[in-house]
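The values are calculated or read from the model by the stated rules, or taken from the named source; none is laboratory data. Just so it is clear, the model here is predicted, and its values are computed rather than measured. No Cβ is skipped: glycine too gets one built from the backbone with ideal geometry, and neighbour counts run over all protein chains shown. Calculation scope for accessible area: heavy atoms of the full protein, side chains included, ligands and nucleic acids excluded. Shrake-Rupley method; radii C 1.70, N 1.55, O 1.52, S 1.80 Å.
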Amino acid sequence: MAASAIEDEPTRRDFVFVATGAMGVVAAGFAAWPLIDQMNPDATTLAAALTEVDIGNIAEGQIVTVKWRGKPIFISHRTATEVEAARAVPLSELRDPASDESRVQKPEWLIVIGICTHLGCVPLKNAGPFEGGYFCPCHGSVYDASGRIRQGPAPYNLYLPPYKFENDTKLTIG
Amino acid sequence: MSGESTYVPKSRLAKWFESRLPIIGLVHSSFVAFPNPRNLNYWWTFGGILSFMLAAQIVTGVVLAMHYTPQSGLAFDSIEHIMRDVNYGWLLRYAHANGASMFFFALYIHMFRGIYYGSYKSPREVLWLLGVIIFLLAIATAFMGYVLPWGQMSFWGATVITSLFTAIPLVGDSITTWLWGGYAVDNATLNRFFSLHYLLPFMIAGVVVLHVWALHVHGSNNPAGIEKKTDKDTLSFHPYFTVKDGFALVCFLVLYTWLVFYVPSYLYDSDNYIVANPLQTPVHIVPEWYYLPFYAILRSIPSKLIGTATMFAAVLIIAFLPWLDTSKVKSAAYRPLYRIFFWLFVACCVLLGYMGSQPPEGGYVLAARFLTVYYFLFFLVILPLLGRYEKTKPLPVSIYDAVLGKHGHAKPADVNP
């Protein structure tokens, strides 16, 4: 190319070149999005979002598992001593500080997602050093009767699902 | 793949074809006339073994896919259908499942050989990086393949490994949901894993072509760790190395077929003969043996984010070997100190594998922590420092000298004095 062309840079041709390239990148991004988003949860998965449970026949001290959105939900009918023990713990002792009061709607009912916050295993119910607590057999995380992480590698307390007590015996999760 | 071809087509048809597509000449120069260092030992036969195993996995895998159903309600039964009803289905499945183990067995020997003889050093860094990419693809492929039978270990292995991504701050949960295609491992996950499990081996095959291409630019490293200079240093690929590779392959196949025909379920977790149950985790989740060292590293650290990051780092650090090892001498045969630390590293990896197979309690976790520390010390401290302070032994003048003695006598000299 002639020397004069170099002195005149940036030329109209450079501008068109860069603009075309930029538009190409934008177009590639739009074209890629459907290919990426198709992997997200589909409409049928999103629709299966409500689970109704009859809690009338869950005895005190018993923890039952129900399925919601493909995940296990633990419904724990806690004893008075379990609630007392959970509420007596100072927040400073907790890795993921949360009061027991903030984790329940009714003191005797703890409803948590039964998935260890470490790597997604289902913890064992009524297991581990805490009465009414949970123990994950995969990597040894220990949760108390409030579903709070107390020992082991998990970083957070067991998550709480959205739920509502319709009446004394009927619970809706979701 | 190796410069000028010495192939001369004889017939008129061969001349006509070669002048239009010189592929016979390419094969001839790469796998017939190609000059290999004459001192290659049997540790150098695992590249050929791995090529064979990749082909065997693709062939058995394509056939198995003709009978398998990637649907969460049907997958488990379709495996039993293959085992009981399909003609030779039991053989094909056992060959494929054990073939994955044999692939990793050969791959780890191939990698340790590269580390012992410094095969990653200049001018073979890109060759090494391509190998690391093959390793990563093989890890992903085998992981997704193990999910397909949809047993308890398939399901919970998939759950634990995909949940590693929840450790990523802020976007971790969204990424995991995206990987799953739902709020837990389910049919959508199984479908996409099957699709990718079918795709990735062909990507591995593509990278293998690049790996061999890069290899043939400078040729193989060798036990002496010095470059070939004259024709006296080399022998032609055929018949010398085709026969050597062939013999090693047959020995390897004895082990492989013994596994397939005599103890086909030895390496398989019996929990995987229980159909996947999303509400019940098996008491003891163990990955396949070839992931155990990395699994032990993950579990040795009592923090989810740091544990996950450390495990990925343990895999990726292998890619940085060419720059972490500062020694100019390639082969451990001339590096007395390095040789000790190398074998400690091998022992460390094997012991980490053992710790990964044990429950995550007390002494096992503590031992895994010490081993994890050595694993990273080897790469980050020992290798850079050894290059500076190690007193290496004098290198032979040429490969020919290393093999046949200094004065050209046909007397075998010890390359490993």
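The HN-Hα couplings worked out from phi for segment A:136-150 by the Karplus form 6.51 cos²θ - 1.76 cosθ + 1.60 (θ = phi - 60°) are 8, x, 5, 10, x, 7, 10, 10, 8, 5, 9, x, 8, 5, 10 Hz, whole numbers, x standing for Gly and Pro.
Near A:Gln151, the amide H atoms lying under 5 Å from its own belong to A:Val142; only residues 5 or more places off or on other chains count, and H is placed 1.01 Å from N.
Is the shape of segment A:1-124 best called rounded, prolate or oblate, per the rule: a/c under 1.5 gives rounded, else a/b larger than b/c gives prolate, else oblate, with a ≥ b ≥ c the square roots of the Cα gyration tensor eigenvalues? In terms of gyration-tensor shape, prolate. Over chain B, what percent of the accessible surface lies on carbon and sulfur atoms, probe 1.4 Å? Carbon and sulfur: 71 percent of the exposed surface of chain B. Between the listed residues B:Leu235, A:Thr11, B:Leu196, the Cα displaced farthest toward the positive end of the dipole of the protein assembly as shown, a dipole computed from Cβ unit charges relative to the Cα centre, is found at B:Leu235. Report note on the peptides B:309-315, B:95-101: ranked by the mean count of other C-beta atoms within 10 Å, highest first, their order is B:95-101, B:309-315. Charge tally around A:Pro41: other residues with Cβ under 13 Å, Lys/Arg +1 each, Asp/Glu -1 each, net -1. With all protein chains kept in place, the per residue accessible area of chain B amounts to 48 square angstrom at a probe of 1.4 angstrom.
Across chain B, the relative contact order, built from alpha-carbon pairs under 8 Å that are at least six residues apart, equals 22 percent.
What residues does segment A:20-44 have that are buried by at least 50 Å² of accessible area in the full protein assembly compared to the chain on its own, 1.4 angstrom probe? Buried on complex formation: A:Met39, A:Pro41.
Each of B:His284, B:His197 has its accessible area taken with a 1.4 Å probe; listed largest first, they run B:His284, B:His197.
Remark on B:Phe34: its backbone amide H falls under 5 Å from those of B:Phe237, B:His238, a criterion applied only to residues 5 or more positions apart or on other chains, H modelled at 1.01 Å from N. For chain B, the longest principal axis of the alpha carbon atoms and the long axis of helix B:304-316 meet at an angle near 30°. The orientation-averaged projection of the convex hull spanning the C-alpha atoms of segment B:34-415 amounts to 20.4 square nanometres. Note on B:Lys15 and B:Val209: with the Förster distance fixed at 25 Å, the Cβ-Cβ geometry gives a FRET efficiency of about 0.40. Coupling constants for segment B:137-153 follow from the phi torsions by the Karplus curve (6.51 cos²θ - 1.76 cosθ + 1.60, θ = phi - 60°), and in residue order they are 5, 5, 4, 5, 4, 5, 4, 5, x, 5, 6, 4, x, 6, x, 4, 6 Hz; glycine and proline get x. The accessible-area loss of segment B:312-360 on complex formation, taken against its chain alone with a 1.4 Å probe, reaches 20 Å² or more at B:Pro360. Solvent-accessible surface of chain A, taken per residue with a 1.4 Å probe and all protein chains present: 54 Å². Each residue of segment B:60-69 was assigned a 3J(HN,Hα) from its phi angle through the Karplus curve 6.51 cos²θ - 1.76 cosθ + 1.60 (θ = phi - 60°); the sequence is 5, x, 4, 5, 4, 5, 6, 10, 8, 10 Hz, with glycine and proline shown as x. From its DSSP helices (H runs of at least four residues, each -39,500 (n - 2.57)), the protein assembly as shown gives a residue-normalised ellipticity at 222 nm of -16000 deg cm²/dmol.
Summed over both chains, the area buried between B and A is near 2300 Å², taken from the accessible surface of protein heavy atoms with a 1.4 Å probe. Ranking A:Val25, A:Ile63, A:Pro97 by how far each Cα lies toward the positive end of the dipole of chain A (charges on Cβ) leaves A:Ile63 at the top. Ordering B:29-36, A:38-45, A:72-79 by mean Cβ neighbour count within 10 Å, with the highest value first, yields A:72-79, B:29-36, A:38-45.
Could you sort the residues of segment A:59-105 by number and keep only those whose accessible area is reduced by 50 Å² or more in the all-protein-chain setting relative to the chain alone, 1.4 Å probe? In segment A:59-105, residues shielded by partner chains: A:Arg69.
With contacts taken as Cα pairs under 8 Å at a separation of at least 6 residues, segment A:84-174 carries a relative contact order of 23 percent.
Helix A:12-37 and the longest principal axis of the Cα set of chain A meet at an angle near 30°.
Roughly how tilted is helix B:75-84, in degrees to the nearest 10 and between 0 and 90, from the longest Cα axis of chain B? Roughly 60 degrees, rounded to the nearest 10.
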